[in-house]
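Just so it is clear, none of the values below were taken in a lab; they were calculated from the coordinates. Everything numeric here is computed off the predicted structure, so don't read it as measured data. Here the Cβ is made from the backbone with ideal geometry for all residues, glycine too, and neighbour counts use every protein chain on show.
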Amino acid sequence: MAERSFAREVQKLKAKKGETFHGEGILAVTKALLQSGVSYVGGYQGAPISHLMDVLSDAEPILNELGVHFETSASEAAAAAMLAASVNYPLRGAVTWKSTVGTNVASDALASVASSGVMGGTLVIVGEDYGEGSSIMQERSHPFAMKSQIWLLDPRPNLTAITQMVEKGFELSEASNTPVMLELRIRACHVSGSFIAKDNVRPAFTLADAMENPVRDYDRVVLPPSNFVHEVEKIEKRWPAAVSYIKKHKLNEFLGGHKGDVGIVVQGGLYNTLMRAMELAGLADCFGQTDIPIYCLNVTYPMIEDEVRGFCADKRAVLMIEEGQPEYIEQALNTILRQADLSTRVIGKKLLPRAGEYTGQVLREALSAFFADQAPGKIKSTAVDHPLPEKEQKTLMATVPPRPVGFCTGCPERPVFTAMKLVQRKLGDFHVSCDIGCHLFSILPPFNIGNTTMGYGLGWSGASAFNTPASKRTISIMGDGGFWHNGLTSGVGNAVFNKNDNVLVIIDNGYSAATGGQDLLSSRADNANRRTGQSIENAVRGLGVKWVRPVNTYDLGKMVKTLTDALTTSDKGPKIILAQSECMLNRQRREKPLRNKAIKDGKRIEITRFGVDADTCTGDHACIRLSGCPSLTIIDNPDPLREDPVTRVNNDCVGCGVCGEITHAAILCPSFYSAKVINNPTGFDRFRAAIAHAVIGFLQGRADNKRQKYSFGTTP
Amino acid sequence: MKPVRPITIAITAMGGQGGGVLAGWITQLAESQNYIAQSTSVPGVAQRTGATIYYVELFPKEAAKKAGRAPVLALMPLPGDVDIVIASEMMEAGRALMRGFVTKRTTLIASTHRIYAISEKEPLGDGRQDLEAVQKLAEDTAGRFIGFDMEAAAQSAQSFISSVLFGALAGSDALPFSRDQFTAVIRKSGKAVKANLSGFALGYAKGAGQKDSIEPEAGGTPASTTTPLTPAPAIAPLLAHLHEEFSPATHDMLRLGLERVVDFQDVAYGTLYLDRMSAIHALDKAYNGARKSWRLSKAVARYLALAMAYEDTIRIADLKTRSSRFDRFANEVGAKDGQIITITEFMHPRVEEICDILPVSLGRFMLQNKVANSALGFFFAKGRKIKTTSVGGFLLLYTLAAFKPIRRASLRFMQEQKRMDHWLDAITNAAPVNYALACEIAGMQRLIKGYGDTHARGLKNYQSIMAALDTIGTDRNANKRLQALKEAALQHEDGQALKIALEKY
């Protein structure tokens, strides 16, 4: 069960022709897929398209009604390979993933399908995780399109434009027998808005039709000599077909005015940001009306040479707004102009930063510089001031603390890293190879554990070079998501085959937690549409790992002991610790409503939460350094003699008990207590409490009386 | 006529604070009132406690219809172009200021409570950042600043902060929608309607500038109703001594210190405290303490009390069995009538802590004799969970607390007094040559805190710095050097910073 449910929203997917559809970008994309008569959809979750997968998953009943097959693919490679269905049959298919990381994984299959060419329209929807909020290496998806010859769409970020581009994308794909990639930036994925819906279309040719009437065409297989033919076909047939479709259907837009000797070329996805910057500079109104000519590239690959020449012919200079690097579009623009012998200057990265997201502020500064240079007087006020003076800025820089991401309250992964920290205190530091997933937060404070992260499921292979005798072993981390994505083969299989002697910790929390709590093969919970419950332990034993130890992550003492064993044992061969406990977010989501209902129904329910005794806390915060739980916070020391703030457990506490475990394992202080609140206590509970209350009350009264004799009074 | 522009709203929040819910409400509100609304965000991994921004733009449909075109709305805020900034925490308001979102045209609605960042929580001392600087900048920079503790308001309404923020937004009148139109959105959502509406009401009242109706959260120990007004006869002479001999400026601190040590042990121990303070106060007087607002006396009064009322197993047992504590816990976990609360303490006394409270010779023997040590170690190798709300658990601690009268004979008592004497000597020696250095030495006691391993680490740092006092010298900058060493000791628990700093001398 994913973190966010779209069960209610997906009903909107049934919207009929002419109805106004309100919703988020990804939901609109799903609707557009259904309007396009898609036969199959696959993909792998990851921000910013996690919700697209969640929407599709929650929409499965609707998809089934339309005869659409949806698959939660094992990886992006698996998703891309799914597109093979469109090579021989007139089947429309779409796949989606996070880019560029997912495109990296998928590129083998993508290159193959691009070589074979497609009969049915195929659309690859990539969520471009670039700029603010991104968690991956900053790269572009653009060169993948170029190298495999896949057309790249980058629509303006409004729902009408995006949904239209989905539909046109299928047509373009079919017209040119080429897969098409639709690039959506983070904000576009999450943008809310509306568009006029059309009816959903049931595919005329079904998957079953294909399975029952197979068609084989050797020309479409990537093997000699067809592979050589494909290359020629790409250039001689598919490319010209695409160019003519794009031109004919006006996928690129000429916006703004038609006069003047300067203009702007912009990627469609950046259009709205550009328009706001232009409006603030007095160059446009808030409806996008401007007299500056704008060539908006909703298709960023291939470039349409005629259009470029036409736009630039009467201009001295154009401002090229292209995010990321290298600047492929700018280069292409220059080549086209040079070959046409046009002297229009293309000004792009000369003015705009080579790296980083093109925010409104960046574009505002670029516009200002461009017009100051090319058309002085066009922008009246070019001053772009920060509203705060430098001195105040500096004060803030020094005061506002960075807010790194961290493990959630009660996260079962936290104790794994607490244990590692404790083990390192005894045995010294280890080389730690990380993977992708929530566990990667261990690299950040307060754990500061981790050397490298090479990719999803690559935690153990990232340390495979260190397979040599040494006095210390290495530790690798892998999540269950990464494990099933490809860690099973490239990590575990690789280690077994190469007789690795190091340690792998698999974080088995039952979900693909970082991407939003989607189910996977080893999820413990039942899922009506997927088969869950496959054991990671059986899988690794099946691969030949002998030393496997499942440990409940909340048992900190045992985790410390098991890690120490793995790192010091004389047993040779790969060692795997399965750190098992359910993702607390998901667990709470499942259990809390049930628990609240049980309390309401008068059932006896115990709720545990933790606290810190301010009387005995001395404000060293060792507990915080070993835990990092968001519910562990600090408050002013209530003791007027002490200066340092004391630790406090806030109301978010879910009672996982890790802080108490830490107190024991790290021999901290006697300040932690667990408070068990018994709702609807039984008669026996009340009887026992009454006895204790009587005895304790009597003794406390006696002690209170004694202290009275030494009272300082309340008046100073 | 000025052209119609979109209303721009930036919501800065931390993952999990409900920023998305709030953005959703605003969008629905605007759409219900004939506005075009667009919201977006970049949650990514920021959903896991990181800082993130939600951005909303609203545009009147009427104006779009008149122009015959749809407005082009931006997907991210621009510095200087934000009408409303909503921050769910004060430092996030600071971040919005830093990014230039807050200007004279901005209504800034921020909760003034703090959610401390990990960098503020993890230091060994006090790593909290200065909130006042940010609050002042917020007030000075924003056209309008609405700030109050919305987290407390949310808690009192048993709701989430998003409802209070939504209420404050309604109350601020920064949006052209009425209160009823706002609340209709909450009602329509059908989720936690009652709680959200009461959170909304609290936010609305403050946003609209009505009187404070939010009670501050009760904190600390509720004063025992049985505490008499006047000091007990056993205590009166001590207080009289205090008032007679010491300068008034030091009375408050001395009284706190005195009360602490008497509570820790007995009246005689209080007398010892005052005797020790007498010597320090005389010294302070001799070296112009009066003109230095008795800095030395005050510092020693504070730290001597903490040193004398050190944390041993007896003290812990005493504190953990007091009646005041039980009431406080019930309050802290928010227990309601009809519920039963049980408290379990997590304790891990080591062999050392047990030997601490044994008589000197026995304690030493147990620590040094391998057989005895490991025999004892067998019993104390594991942490213990003691249920202080059960008769058995309570009696165990109550019995331990009863060791108080024989504490004076214990090994730890002897060690602590010896250490204090050495410390007081160092202060006494330094004061005549360098007053500031003496104050700094007094403050070294701050390094010793905690129990078990934490205490051992602090003590080790303290001792290595005290051992370096001779090399630090007494010249004009000696106090600064000592201060630097103390800061180095508080920097990181692995002690590397201190080691490097010590090597410099």
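Partner shielding of B:392-403 amounts to 2, given as the average count of beta-carbon atoms from other chains within 10 Å of each residue beta-carbon. Across all Cα atoms of segment A:9-248, the radius of gyration (one decimal) and Dmax (whole number) stand at 16.7, 51 Å. Neighbour counting of Cβ atoms within 10 Å sorts the residues B:S278, B:S390, A:S674, fewest neighbours leading, into B:S278, B:S390, A:S674.
In segment A:400-463, Cα pairs under 8 Å separated by at least six residues give a relative contact order of 33 percent. Among the trypsin sites (Lys or Arg not before Pro) in segment B:266-366, those located in a DSSP loop and surrounded by at most 13 other Cβ atoms within 10 Å of their own Cβ are B:K336. The Cα atoms of segment A:618-716 give a gyration tensor whose axes a ≥ b ≥ c have a/c of 1.5 or more with a/b no greater than b/c, which makes the shape oblate.
Going by a ≥ b ≥ c, the root eigenvalues of the Cα gyration tensor, does segment A:306-360 fall in the rounded group (a/c under 1.5), the prolate group (a/b larger than b/c) or the oblate group? Prolate is the answer for segment A:306-360, as a/c is 1.5 or above and a/b outweighs b/c. Couplings 3J(HN,Hα) of segment A:213-224, computed from phi: 10, x, 10, 10, 9, 4, 4, 9, 8, 7, 8, x Hz, in residue order, whole Hz [Karplus 6.51 cos²θ - 1.76 cosθ + 1.60, θ = phi - 60°; x for Gly and Pro]. Counting neighbouring beta carbons within 10 Å and listing from fewest to most, the residues A:R187, A:R604, A:R8, A:R92 come out as A:R8, A:R604, A:R187, A:R92.
With R₀ set to 30 Å, the beta-carbon distance separating A:A208 from A:S5 gives a calculated FRET efficiency near 0.45. Segment A:143-189 and segment A:22-70 have their alpha-carbon centroids 16 Å apart.
The calculated FRET efficiency for A:N705 paired with B:L395, based on their beta-carbon distance and R0 = 25 Å, is about 0.85. Comparing Cα centroids, segment A:448-469 and segment A:650-683 end up 35 angstrom apart. Relative to the longest principal axis of the Cα atoms of chain B, the long axis of helix B:236-245 makes an angle of roughly 90 degrees. Please name whichever of A:G257, A:L297, A:L342 sits farthest to the positive end of the charge dipole of segment A:253-374, dipole taken about the Cα centre and charges placed at Cβ: Lys and Arg +1, Asp and Glu -1. Final value for the positive-end residue is A:L342. Subtracting the Cα-Cα distance of B:A282 and B:H243 from their residue separation scaled by 0.36 nm leaves 12.6 nm. Remark: mean inter-chain Cβ contacts per residue of B:64-74 equal 6, using a 10 Å Cβ-Cβ cutoff to other protein chain atoms.
Helical content of chain A, expressed as a calculated mean residue ellipticity at 222 nm, amounts to -10500 deg cm²/dmol (DSSP H runs of 4 or more residues, -39,500 (n - 2.57) each, divided by residue number, nearest 500).
Counting only Cβ charges, +1 for Lys and Arg and -1 for Asp and Glu, the dipole size of the protein assembly as shown around its Cα centre is about 2000 debye.
Orientation-averaged projection of chain A equals 42.1 nm² [convex hull of Cα atoms, one quarter of hull surface area]. For the protein assembly as shown, the Kirkwood estimate of the hydrodynamic radius, built from every pair of different alpha carbons, is 34.0 Å. Of all DSSP beta bridges in segment A:1-112, what percent run antiparallel (nearest 5)? Given both bridge residues lie in segment A:1-112, the antiparallel proportion sits at roughly 0 percent. Seen through its C-alpha gyration tensor, with square-root eigenvalues sorted a ≥ b ≥ c, segment A:1-146 comes out oblate because a/c lies at 1.5 or above while a/b is not bigger than b/c.
A simple spin-label model places the labels of A:K592 and A:R686 3.0 nm from each other, with each point 7 Å out along Cα-to-Cβ. Out of every Cα-Cα pair that segment B:7-207 contains, those further apart than 30 angstrom amount to 17 percent.
Across the alpha-carbon set of segment B:252-316, the Rg to Rh ratio works out to 1.03, Rh being the Kirkwood radius. Here r is the Cβ-Cβ distance between B:A402 and B:F378 and R0 is 25 Å; the resulting FRET efficiency, rounded to 0.05, is 0.50. With the simple spin-label model, which puts each label point 7 Å out from Cα in the Cβ direction, the A:V221 to A:M146 separation comes to 3.4 nm.
Rg and Dmax over the alpha-carbon atoms of segment A:414-586 stand at 14.8, 49 Å. Counting neighbouring Cβ atoms within 10 Å and putting the fewest first, the residues B:K370, A:K558, A:K603 line up as B:K370, A:K603, A:K558.
For chymotrypsin sites (Phe, Trp or Tyr not before Pro), the sites in segment A:194-265 that DSSP calls loop and that have at most 16 other Cβ atoms within 10 Å are A:F205.
Estimated from helices alone, the mean residue ellipticity of chain B at 222 nm is -16500 deg cm²/dmol (sum of -39500 (n - 2.57) over DSSP H runs with n ≥ 4, per residue).
The Stokes-Einstein estimate for segment B:306-446, based on a Kirkwood radius over Cα pairs and taken at 20 °C with 1.002 mPa s viscosity, is a diffusion coefficient of 120 µm²/s.
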